[in-house]
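Please treat every number below as a calculation from the coordinates, not as lab data. It should be emphasised that the depicted structure is a prediction, and the values quoted were computed from it without experimental measurement. Please note: Cβ atoms are built from the backbone with ideal geometry, for glycine as well, and neighbour counts cover all protein chains shown.
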Amino acid sequence: MMMEAPAREPVNLAGLLKDAAFAAAIAFGLFSLLLGLKTDQTLNNQMVLVPRPGLLFTVVGLVFVGRFLIGYWQAINAGKIKKKKAAATPLALKIEKYGTAAFVGFLFVYPMVVLGTAGPSGAIKWIDNFGIQILIYIMLGWGLNIVVGLAGLLDLGYVAFYAVGAYSYALLATSEPVKEFMASTIGPSFWPLWAFWICLPVAGILAAFWGVLLGFPVLRLRGDYLAIVTLAFGEIIRLVLINWVDFSGGYAGISSIPRPSFFGVPFNATESGFAATFGLEFTPIYRTIFLFYVILVLALVTALVSTRLRRLPVGRAWEALREDEIACRSLGINTVNTKLTAFAIGAMFGGFAGAFFAARQGFISPESFVFLESAQILAIVVLGGMGSLLGVVIASILLVGGVELLRELDFLKAYFGDGFDPAQYRMLIFGACMVLMMLWKPRGLISVREPSVFLKEKKAVSSDLVKEGHG
Amino acid sequence: MSMTEKAPLLAVRGVKTYYGNIIALKGVDIDVHEGEIVTMIGANGAGKSTLMMTIFGKPQAREGSITYDGRDITRMPTHEIAHLGIAQSPEGRRVFPRMTVFENLQMGASVNNLAHFDQDLEKVCAIFPRLKERLQQRAGTLSGGEQQMLAIARALMSRPRLLLLDEPSLGLAPIVVRQIFEVIREVNRTEGMTVFLVEQNAYHALKLATRAYVMVNGLITMSGTGKELLSDPQVKAAYLEGGHH
């Protein structure tokens, strides 16, 4: 009889087939027009419809088989899946864990993919405007994340450190005395080629120094008061850059900043240039791709350092400081040093990004370091979810990439007239996004804080308890 | 008592603390000897917590002196005082809500740089089995009693010689209060840890205490052994007739 009930429910084949047929029907409905018919032009410019039944039925068949296999796999794994779900970490943490490797891998092949699909001339836009631009903001977001997300110090003047980094590099690289000194000691071609690589750490150190300088007066401040002082600090730096014309060139900025070399090999059309050295045909795309990898590595270093720091006492102290300053002090944490290191390290990464920015643009002026930039970087951190590295990535792609995408919407001119420029609506959209986000996910896209230590066995114990209802 | 002949571990002498121009402590003298549980009871706003915080250097005493183990700590910054072997479980628990229990305990051990962390973790887990079950849970999701246990456990992680507890019974169910006080007694007996306890829950606190002080409006008005104060008619009238036993 049916008494010896199987340990596992038998797979319901009829139900699965029904499911698959249903999915196939939907696919047929969806694709019958999309794939089944193709518009084509005849030689005398007439539009004709070409039916493609073969393609249509292949796709519908694939959907049927695919749905059936997925359903079957789910059915035979039903028991296992349930168990896993009990011990599952929140989805966001899972994505952070497995998605990271895939995403980094994707970033490394991204320039090649774009180059292959869009060709050398089309690829520049995708690598530069989307790739490099977004990565700069990801790096800035990660840097600010140390100050705001981890240490909980609301900093509205982060762009100041970006500016310090950019001007440090620009001023040092274009400075005549330095150039002459290098020319007389090492050789005339040395400084333009190596300036970026030598100035990059210097820019970071100088920015960190300014971070400490900002840190001292604001040690006692928290929340709104701190925000106002940092806002003022950002403005002071910008106003000094505008008004101290002898030093920074004022509004005119600094131009002809040397571009980074491929570790001593310049990106130009000369005999000793990158293309000639490696036997390639000269195109400007190599420099762009190289810049992409430079900022990618810089950003990854930022991420690596901040994840590592979180596991060290100083990182834990930052987070504890964010949670409760008084408790921190009573546990013997030197809050002064803790705050200053947060400011310094956050500023340092801002400085690196600034030096890179100057090298990429070849020209900088105070216009690039307005408050709006600070606000945008902060928005990235807050939208992403304070303290979450992955959140910063998503928010940067949405905010920076979104703005770039607006520029691509030229076809809308057909509907709204030639004067319509979607990019002008970016602040409106930006604001609307912020409002919606705060309503929908007030703690940011990824609001789960990942613990910096995991205890494997303890976790198993707790999930067992949950199962038995002791939780 | 033989203990009183030795110099006290913590000596508070004539301490006056102000908040701006408002005086909160009007000259307080207190002794805490090694191995004692000393309790201070008093009404809301009497200055108990201010005294606790003054010992820890925030706010600093404007007059008077605080000596710990023969060293003047009156003007020392808080984090340095914590390095001398004094630990505090502050009023209102103040655990780090978004960090896990484990991370909270790690923070407690910052003073000794996580040396002998595992050992101390085991010890603390033995004292508070509830915490052991919840090591991976975020502290903010614990119940009030568990948070209080965590606050005490976190303070114990630094291996203090002197443990300052500010109102550990605040807002807790009577049964949890009894558990907490039992733990305090246990730590004092087995580890020989000196405890200075500030409480409103006078009955339990006095029962626990080796010696006790009563504070009224920033002044010590009475002192004696826990038993003496428990049977004192004035104390009874002012602090024990509320019916919290």
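Percent antiparallel among DSSP beta bridges with both residues in chain B, to the nearest 5? Display every interim value, and only then the final one.
Working: 22 of 41 bridges.
Expressed as a percentage, antiparallel bridges in chain B total about 55.
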Expected vector for segment B:191-208, Karplus 3J(HN,Hα) from phi with 6.51, -1.76, 1.60 and θ = phi - 60°, integer Hz, x for Gly and Pro, equals 9, x, 6, 7, 10, 10, 10, 10, 8, 9, 6, 5, 4, 4, 5, 6, 4, 7
For chain A, longest principal axis from Cα atoms; helix A:223-243 axis from its Cα atoms; angle between them, nearest 10 degrees, is 50 degrees
Unit charges at the beta carbon, dipole of the protein assembly as shown: most positive-side option, A:190, A:31, B:112: A:31
In whole angstrom, note down how far apart the Cα centers of segment A:378-432 and segment B:186-245 are. 63 Å
Segment A:126-186 and segment B:118-162: distance between their alpha carbon centers, rounded to Å: 43 Å
Say each of residue A:232 and residue A:58 gets a label point 7 Å from the Cα, pointing the same way as Cα to Cβ; how far apart are those two points in nm? 6.9 nm
Which part of segment B:171-212 falls in the paramagnetic zone of residue B:225, meaning amide N under 11 Å from the point 7 Å along Cα-to-beta-carbon? B:210-211
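Taking only the alpha-carbon atoms of chain B, what semi-axes of the equivalent ellipsoid follow from 5 times the gyration tensor eigenvalues under a square root, in whole Å, largest first? Don't jump to the answer; show the numbers that get you there.
On the way: eigenvalues 149, 91, 59 Å².
Listed largest to smallest, the semi-axes of chain B are 27, 21, 17 Å.
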Choice from B:107, B:52, B:157 showing the highest fluctuation, given a GNM over chain B with Cα pairs closer than 10 Å: B:107
log10 of Debye I(q)/I(0), alpha-carbon scatterers only, for segment B:182-244 at 0.16, 0.19, 0.25 Å⁻¹: -0.53, -0.72, -1.11
Tell me, how many Å apart are the Cα centres for segment B:12-51 and for segment A:229-291? 63 Å
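If r is the Cβ-Cβ distance from residue A:113 to residue A:436 and R0 is 41 Å, what FRET efficiency results, to the nearest 0.05?
Details: r = 32 Å, r/R0 = 0.77.
The pair residue A:113/residue A:436 has a calculated efficiency of 0.85.
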With point charges of +1 on the Cβ of Lys and Arg and -1 on the Cβ of Asp and Glu, referenced to the Cα centre of segment A:91-237, which listed residue (A:226, A:132, A:116) lies farthest in the positive direction of the dipole? A:116
Contour minus end-to-end for residue A:186 and residue A:209, with contour as 0.36 nm per residue of separation and end-to-end as the Cα-Cα distance? 5.4 nm
Among beta bridges that DSSP assigns inside the protein assembly as shown, antiparallel share in %, nearest 5: 60 percent
Describe numerically, in nm with one decimal, the distance between label points set 7 Å from Cα along Cα→Cβ at residue B:241 and at residue A:337. 5.4 nm
Rg and Dmax of chain A, Cα atoms, in Å? 27.8, 99
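Give me the net charge of residue B:185's neighbourhood, meaning all other residues with Cβ under 13 Å from the Cβ of residue B:185; Lys, Arg count +1, Asp, Glu -1. Don't jump to the answer; show the numbers that get you there.
Details: positive: B:178, B:189, B:207; negative: B:36, B:182, B:186, B:191.
Summing Lys/Arg as +1 and Asp/Glu as -1 gives -1.
All other residues with a Cβ under 13 Å from the Cβ of residue B:221 taken together, and with Lys, Arg as +1 and Asp, Glu as -1, what is their net charge? List each step's numbers first, then the result.
Values: positive: B:26, B:48; negative: B:29, B:232.
Result for the neighbourhood of residue B:221: 0.
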Percent of all Cα-Cα pairs per 5 Å bin for segment B:14-70, counting from 0 up to the last occupied bin, reads 5, 17, 31, 26, 15, 5, 2, 0
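At a Förster distance of 35 Å, what's the computed FRET efficiency of residue B:84 paired with residue A:251, Cβ-Cβ distance as r, to 0.05? Walk me through the intermediate numbers first.
Values: r = 56 Å, r/R0 = 1.61.
The computed FRET efficiency comes out at 0.05.
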Projected-area mean, segment A:13-77, by convex hull of Cα positions, square nanometres: 4.6 nm²
Hey, got the Cα dimensions of segment A:170-303 along the principal axes, in Å, largest first? 59, 35, 27
Measuring from label point to label point, each 7 Å out along Cα→Cβ, what is the residue B:72 to residue B:173 span in nm? 5.0 nm
Grab the other residues whose beta carbon is less than 11 angstrom from that of residue A:318, score K and R as +1, D and E as -1, and report the net. +2
Quick one: dipole size for the protein assembly as shown, taken about the Cα centre, charges +1 on Lys/Arg Cβ and -1 on Asp/Glu Cβ, in debye to the nearest 20. 1380 debye
